[in-house]
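Note sheet for the following structure.
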Amino acid sequence: MAKAKLHFSSGVSSFLIANTGTLLILLIWWVVTALQLINPVLLPSPVATFVALWEGMAGGGLLLDFWLTLYRSLYAFVIAAVLGIQIGILLGANENLYRSFEFLIDFFRSTPATAMFPLFLVVFGIGDFSKVAVAAFAGGLVIFFNVAYGVMNTRKTRIMAARIMGTPRWRVFFDVIFFETLPQTFIGLRTAISLTLVVIIVAEMFIGSTNGMGQRIIDAQQVFDMPDMYASIIATGIMGYGLNQLFLLTENKFIHWKGR
Amino acid sequence: MKVNYLEHQTKVNPHQTGLDISVSGLTKYLDGKPLYEDFDLHISSQKITCIFGPNGCGKSTLLNMISGLVPIDSGQLSFGGKPRSEVSLGYVFQNYRDALFPWLRAIQNIEYPLLSAGFSRLKRRARVEELIHQFNVGFDLSRYPYELSGGQQQLVSIMRALATRPHVLFLDEPFSALDYEATLAIRDKLQDVFVETGVTIVMISHDLEEAVYLADHILLLTKRPTRIAERVVFNASRPRTLETLSDPEFVRIKAHSLEVFRREAS
Ligand SMILES: Nc1ncnc2c1ncn2[C@@H]1O[C@H](COP(=O)(O)OP(=O)(O)OP(=O)(O)O)[C@@H](O)[C@H]1O
Ligand SMILES: [Mg+2]
């Protein structure tokens, strides 16, 4: 009984320790709005914001926009992963081929994907797919680069060990190089999911869109519906955080040997 | 799971006797500089051959060329009349960390070459059981390599290399990353396995005492371009023990080898 109580209170205190910063910010936010230190039109109270978040998620338009943005991001991410991994393996395994594309790769890596919006609009039209395509392009580059780098830097000893055992080359690829590359591949995937979300949000804001979180944030700002704007920003943050955590968890579970 | 080991053994290994390896007229240049020029070598089957020579004289490269990992410029390699594709080789690398597969458990690492060779699950298990018995393994093989000590990892590497009952076992400085205690334990296990199976062993060593202790033949190499300075024979009976280290014949062979090495390496 006493033990259970102790356990409970230590659970509460560890929660408090881990979230002190968050709670502090919420408290400051609440105090600032309660004392009206900032014009309430610019900064609504946390209560008003979370009510807007709750209402939007439970039946309001927020939920739909949330799903649409998540759908576009994941769509872009899947395209990015499929193309990025395949091209990454191909170029990573052929160092000469990689060299001949090196300048192009570095050039596009240094070019902000958002600068390519107009190009993608011209190619894919003004519909939904051009947004997905830009995001896929940005994410795909990151994945491609990490995979190629991972393949090029596989430790030669393990490949030699497998070849000595008489393992055919194609099998060495699946049994050794693939696993060797996994940690680096996952870094690429995790970076890419964040990046596709960023690009999708920006695209929704500026490329004639009628829905999605980016559009919603801009709309709310233009009609000065501040609770909804803050609620939408927080919802987007939750999406990004959730995706990142999901990838981290998968990574830690499957790539148990990472860094050892 | 009871399997008759002897029956299993004859089934998997029709060529228990091992085979001689001959190298003749081997030439290898690296970066335009000769490493080996018209080099001849004979490695006897069912013996332990230790290779000892100065740093960078090409010991690792020699094993890699014989095993086909590094191409040769010219020369002939022969494996007791068999084509290379029919010769099975076990290889133990100096750096066990880079050689084992960390995504597989220790036992799966040992099984891997058997899997690769298409053995059934039952046969794989039986062979691993046999190896566990042979090496008297006292730790948990269902752990991942990074959860084992260095000595345990190197033991797993050796078991993996021996899993398919290769004709020849190559070891490239297998003990140099291990502490003294682990080295003593593993090298005696290696000797026991040799006595039991007669597998041909070729080991590179940077420790002359260890080389002489284990070897039937000690190959002393010169610096580049590399030649064989001398092939020293040490015939003491096995199993050799700590007493061997104070045996006058051992002391004499060691002193002689050191003298040759000093002359040729400087
Ligand atoms: N890929 C390579 N290209 C050019 N030179 C190389 C290459 N690999 C090795 N060498 C050189 O070839 C020589 C032989 O290398 P090797 O690793 O076989 O020597 P070693 O006798 O095993 O040395 P150590 O005692 O340090 O293990 C060295 O002088 C090394 O610098
Ligand atoms: Mg070496």
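The values are calculated or read from the model by the stated rules, or taken from the named source; none is laboratory data. This one's a predicted model, so the numbers in the text were calculated from it and none came from an experiment. All Cβ positions, glycine included, derive from the backbone under ideal geometry; neighbour counts span all protein chains shown. Ligands, DNA and RNA are stripped out before the accessible areas are found, and what is left, the full protein with its side chains, is counted by its heavy atoms. Shrake-Rupley method; radii C 1.70, N 1.55, O 1.52, S 1.80 Å.
What's the number of the condition B:His42 fails, among (1) within 16 Å of ligand 1 (Cβ to nearest atom); (2) open to solvent by 30 Å² or more (accessible area, probe 1.4 Å)?
For B:His42, the exception is condition (1).
Report those helices (runs of 4 or more DSSP H) wholly inside segment A:172-260 carrying at least 2 residues which are open to solvent by 30 Å² or more (accessible area, probe 1.4 Å), hydrophobic (A, V, I, L, M, F, W, C) and out of contact with any Gly (no Cβ under 9 Å at 6 or more places or on another chain). Before you say what the answer is, go through the steps one by one.
Details: elements: A:178-206, A:213-222, A:226-254.
Qualifying helices (runs of 4 or more DSSP H): A:178-206, A:226-254.
Does A:Pro183 meet the test of being touching a residue at least 40 places away in the same chain (Cβ under 8 Å) and either closer than 30 Å to B:Ala161 by Cα or of a type in the set (Val, Ile, Thr) (or both)? Let's see the steps before the verdict.
Details: touching a residue at least 40 places away in the same chain (Cβ under 8 Å): yes; either closer than 30 Å to B:Ala161 by Cα or of a type in the set (Val, Ile, Thr) (or both): yes.
Answer is yes for this residue.
Quick one: what pairs do we get from segment B:156-174, first residue within 11 Å of another protein chain (Cβ to nearest Cβ), second part of a helix (DSSP H, G or I) and within 16 Å of ligand 2 (Cβ to nearest atom), C-beta under 7 Å, 6+ apart or different chains?
B:Ser157/B:Tyr96; B:Ser157/B:Ala99; B:Phe170/B:Leu63; B:Phe170/B:Ser67; B:Asp172/B:Ser60; B:Asp172/B:Leu63
Take segment A:88-123 and flag every residue that is open to solvent by less than 80 Å² (accessible area, probe 1.4 Å) and touching a residue at least 40 places away in the same chain (Cβ under 8 Å).
A:Gly88, A:Ile89, A:Leu91, A:Gly92, A:Ala93, A:Tyr98, A:Ile105, A:Ala113, A:Thr114, A:Phe117, A:Leu121
Could you list, in sequence order, the residues of segment A:15-56 that are closer than 20 Å to A:Met229 by Cα and open to solvent by less than 50 Å² (accessible area, probe 1.4 Å)?
A:Trp29, A:Val32, A:Thr33, A:Leu43, A:Pro44, A:Ser45, A:Pro46, A:Ala48, A:Thr49, A:Ala52, A:Leu53, A:Gly56
Specify which of the listed residues (B:Asp188, B:Asp140) is surrounded by fewer than 20 Cβ atoms within 10 Å (Cβ to Cβ), in a loop (DSSP other than H, G, I, E, B) and more than 16 Å from ligand 1 (Cβ to nearest atom).
Answer to the selection: B:Asp140.
May I ask you to say which residue of A:Thr236, A:Thr181, A:Thr196, A:Thr185 is within 30 Å of A:Thr33 (Cβ to Cβ) and either touching a Phe, Trp or Tyr at 6+ places or on another chain (Cβ under 9 Å) or within 14 Å of chain B (Cβ to nearest Cβ) (or both)?
Values: A:Thr181 fails: within 30 Å of A:Thr33 (Cβ to Cβ); A:Thr196 fails: within 30 Å of A:Thr33 (Cβ to Cβ); A:Thr185 fails: within 30 Å of A:Thr33 (Cβ to Cβ).
Just a single option satisfies the conditions, and that option is A:Thr236.
I'd like the full set of residues that are open to solvent by less than 60 Å² (accessible area, probe 1.4 Å), charged (D, E, K, R) and in a loop (DSSP other than H, G, I, E, B), limited to segment B:208-237.
B:Asp216, the sole residue that qualifies.
If a residue has to be buried (at least 20 other Cβ atoms within 10 Å of the Cβ), farther than 15 Å from B:Gly151 by Cβ and within 16 Å of ligand 1 (Cβ to nearest atom) to count, how many in segment B:94-110 make the cut?
So the answer is 0.
Return the pairs, sorted by first residue and then second, in which the second residue is among the aliphatic types (A, V, I, L, M) and not in a loop (DSSP other than H, G, I, E, B), the first residue lies in segment A:248-260 and is touching a residue at least 12 places away in the same chain (Cβ under 8 Å), the beta carbons are less than 8 Å apart, and the residues are 6+ apart or on different chains.
Correct list of pairs: A:Phe254/A:Leu182; A:Ile255/A:Leu182.
Tell me which residues, restricted to segment B:222-258, are touching a Cys at 6+ places or on another chain (Cβ under 7 Å) and closer than 17 Å to B:Ser44 by Cβ.
Once the filter is applied, which keeps residues that are touching a Cys at 6+ places or on another chain (Cβ under 7 Å) and closer than 17 Å to B:Ser44 by Cβ, segment B:222-258 yields nothing.
Going by the conditions given, is B:Ala177 assigned to a strand (DSSP E or B) and among the small types (Gly, Ala, Ser)? Write out each step before concluding.
Numbers: assigned to a strand (DSSP E or B): no; among the small types (Gly, Ala, Ser): yes.
For B:Ala177, the condition - assigned to a strand (DSSP E or B) and among the small types (Gly, Ala, Ser) - is not met.
Would segment B:111-128 turn up any residue that is more than 13 Å from chain A (Cβ to nearest Cβ), under 21 Å from A:Ile164 (Cβ atoms), in contact (Cβ under 8 Å) with a residue 40 or more places away in the chain and not in a loop (DSSP other than H, G, I, E, B)? Lay out the reasoning, then the answer.
Filtering segment B:111-128 for residues more than 13 Å from chain A (Cβ to nearest Cβ) gives B:120-128.
Checking the rest, the ones that are also under 21 Å from A:Ile164 (Cβ atoms) come to B:123-124, B:127-128.
Okay, now just the ones that are also in contact (Cβ under 8 Å) with a residue 40 or more places away in the chain, so B:123, B:127.
After this cut, where a residue has to be not in a loop (DSSP other than H, G, I, E, B) as well, the list is B:123, B:127.
Yes, the conditions are met somewhere in segment B:111-128.
Every residue, every condition in (1) more than 14 Å from chain A (Cβ to nearest Cβ); (2) free of Cβ contacts under 8 Å to residues at least 40 places away in the same chain; (3) within 16 Å of ligand 2 (Cβ to nearest atom), yes or no:
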{"residue": "B:Gly198", "(1), (2), (3)": "yes, no, no"}
{"residue": "B:Ser205", "(1), (2), (3)": "yes, no, yes"}
{"residue": "B:Leu219", "(1), (2), (3)": "yes, no, yes"}
{"residue": "B:Lys223", "(1), (2), (3)": "yes, no, yes"}
{"residue": "B:Phe250", "(1), (2), (3)": "yes, yes, no"}
{"residue": "B:Ala265", "(1), (2), (3)": "yes, no, yes"}
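For B:Arg165, state whether it is away from ligand 2 (no atom under 16 Å from the Cβ) and within 30 Å of B:Leu104 (Cα to Cα). Working first, answer last.
Details: away from ligand 2 (no atom under 16 Å from the Cβ): yes; within 30 Å of B:Leu104 (Cα to Cα): yes.
Answer is yes for this residue.
Find the residue count for segment B:48-83, including only residues that are away from ligand 1 (no atom under 15 Å from the Cβ), over 18 Å from B:Thr27 (Cβ atoms) and surrounded by fewer than 18 Cβ atoms within 10 Å (Cβ to Cβ).
Total meeting the criteria: 4.
Taking segment B:225-248, which residues are without any contact (Cβ under 8 Å) to a residue 24 or more places away in the chain and more than 21 Å from the chain's Cα centre (by Cα)?
Quick first cut of segment B:225-248, residues without any contact (Cβ under 8 Å) to a residue 24 or more places away in the chain only: B:231, B:233-237, B:241-243, B:246-248.
Scanning segment B:225-248 gives B:Leu242, B:Glu243, B:Ser246, B:Asp247, B:Pro248.
Consider only pairs whose beta carbons are under 6 Å apart and that are at least six residues apart or on different chains; among these, list those whose first residue lies in segment A:151-169 and is within 7 Å of chain B (Cβ to nearest Cβ) and whose second residue is among the aromatic types (Phe, Trp, Tyr) and not in a helix (DSSP H, G or I).
Here the result reads A:Thr157/B:Phe93; A:Ile164/B:Tyr91, each pair linking segment A:151-169 to a residue that is among the aromatic types (Phe, Trp, Tyr) and not in a helix (DSSP H, G or I).
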